[in-house]
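The values are calculated or read from the model by the stated rules, or taken from the named source; none is laboratory data. Just so we're clear, the structure is a prediction, and the values are computed from it rather than from any experiment. Here Cβ is always computed from backbone atoms with ideal geometry, including for glycine, and neighbour counts include all displayed protein chains.
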Amino acid sequence: MENQNSTAAPKKKSPRRYNRKTKSTHQDTVNEVVDSSAESSAPVSQNTNDQPDRLWSIEDFSVPEVEGKVRFHDLNLPDRLLKSIAEMQFEYCSEIQAATLPETLQGYDVIGQAQTGTGKTAAFLIAMISDFLDYPIETDRNPRLARGLIIAPTRELALQIADDAIKLTANSHLNVVSLVGGLNYDKQKHILETERADIVVATPGRLLDFARSKKVLLNKVEILVLDEADRMLSMGFIPDVKSIIRMTPHKEQRQTVLFSATFPKDIQALARQWTYFPKEVSVVPEETTNKNIEQVIYTVEADQKWPILEQLVKAKENQRTIIFANRRDETRDLYERLKDADINCAMLSGEVAQDKRVKTLNGFKNGRIQVLVATDVAGRGIHVDGVELVVNYSLPEDPEDYVHRIGRTGRGGESGHSVSFASEDDAFLIPEIEQVIGEKIRCEYVVQD
Ligand code: AMP
């Protein structure tokens, strides 16, 4: 990404602070979950004993100072947020968090280049939650008015973000609402009618439906997050996203955070258009792909792919594996073959109903399912730790998908492996992939007896 860091004066937070109280001092007791919205009733104490529970304090979250690392303690975050961070067992900021939080917490817009697995979700959520707790809404307010809006390209990613948001708001009364396509519309409508839309996590199409019918109101959004912007572009969502952004306050009146794994020209232009004197942050290592991932390409005859795959998957029992194929029919075919070979597997592609996809992902997360066969679009939502092996059964036609695919393993500093099959049909794609990742991938010629 070109370095376009602004040298302009810091953006003042005040313009978008209408109707908000002045900054709280973080002195609230954390064991009392205090509602931050004006329309709610008085603070609710969760203690029911005569002897109140010992109050949680930062002393309960002891993390030693380590040179070169930023602790969450060092960022002047509200205690109720720190408590949630402690409960999630985060101790030190990841690189993208250490790079963006000092900027976002001051109210700057940020354009961030980061892949999944870097901790970017918590990076923008922590900034948002900290801000909303520090500056509660003062006046009576329509509960349909969203304060924070996070837009993600896929349902799975949106649900994953909502999951993290729920965990990080567990000690406050900030409410998280997810509006995602493919899941029950009426249920989401009911939630909008009965709950406050403090933080809305959404996919573009469904959000636009609800915003156009005024079931959710975006004209007072204080913080807007656009996640995986490159993916929104490749999935054709930019017109929807533009319509949504037009419903939010002007960029000078909101804070905008945009993340993308890659920055093709179109995304650079949109990012500049949507942000106001942004700080640009990039944590992508030079070679773009994760250093913890050992990558190899097996050059094979097309009819050798299946026996080699079977051997790879059966070599290690319970090895959490994702296999990518290029098309739905190829995905289904592979899934059937794996099933016939008694391999514990499931399929994740556009042809699988959304509620089934959520169940499948949960099964994969909790270890009930060992192997997932996925297409690129469905695979984008797989944010599961402990994936040991990613297999590219066919090389992706878009080389950037290669980066996204293998990024499913080696998350959070763990090590991972990727094996890609290249046959006479797709070996020509290798140079382009190597160009995107900026390195040569080890190739092995494999013959199956
Ligand atoms: P993400 O890139 O947002 O998908 O996050 C990748 C993984 O890192 C998720 O499982 C997060 O829960 C985890 N994570 C995020 N921030 C931290 C942190 N500061 N310390 C430890 N784990 C983290």
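Some notes on this structure:
- Counting the residues of segment 395-409 that are assigned to a loop (DSSP other than H, G, I, E, B), crowded, with 20+ Cβ neighbours inside 10 Å and more than 16 Å from the ligand (Cβ to nearest atom) gives 2.
- Just so you know, in segment 77-117 the residues that are part of a loop (DSSP other than H, G, I, E, B) and touching a Gly at 6+ places or on another chain (Cβ under 9 Å) include one that is farthest from the ligand (Cβ to nearest atom), and it is Gln115.
- Flag for Val447 being of a type in the set (A, V, I, L, M, F, W, C), assigned to a loop (DSSP other than H, G, I, E, B) and either away from the ligand (no atom under 16 Å from the Cβ) or touching a residue at least 40 places away in the same chain (Cβ under 8 Å) (or both): yes
- Scanning segment 333-364 for residues being surrounded by 17 or more Cβ atoms within 10 Å (Cβ to Cβ) and among the charged types (D, E, K, R) gives a total of 1.
- Test result for Gln89, without any contact (Cβ under 8 Å) to a residue 24 or more places away in the chain, over 14 Å from the mean Cα position of the chain (by Cα) and assigned by TED's automatic domain parsing to the domain that holds Asn171: yes
- Filter result (surrounded by 11 or more Cβ atoms within 10 Å (Cβ to Cβ), in contact with a helix residue (DSSP H, G or I) (Cβ under 8 Å, 6 or more places away or on another chain), under 29 Å from Ser94 (Cα atoms) and not hydroxyl-bearing (Ser, Thr, Tyr)) within segment 410-439: Gly416, Val419, Ile433, Val436, Ile437
- Condition check for Lys187: surrounded by fewer than 21 Cβ atoms within 10 Å (Cβ to Cβ), within 28 Å of Gly379 (Cβ to Cβ) and either away from the ligand (no atom under 16 Å from the Cβ) or modelled with pLDDT under 95 (or both): yes
- Segment 115-137 residues that are outside the structural domain of Leu81 (by TED's automatic domain parsing), paired with ones that are away from the ligand (no atom under 16 Å from the Cβ) (beta carbon under 8 Å, 6 or more apart): none
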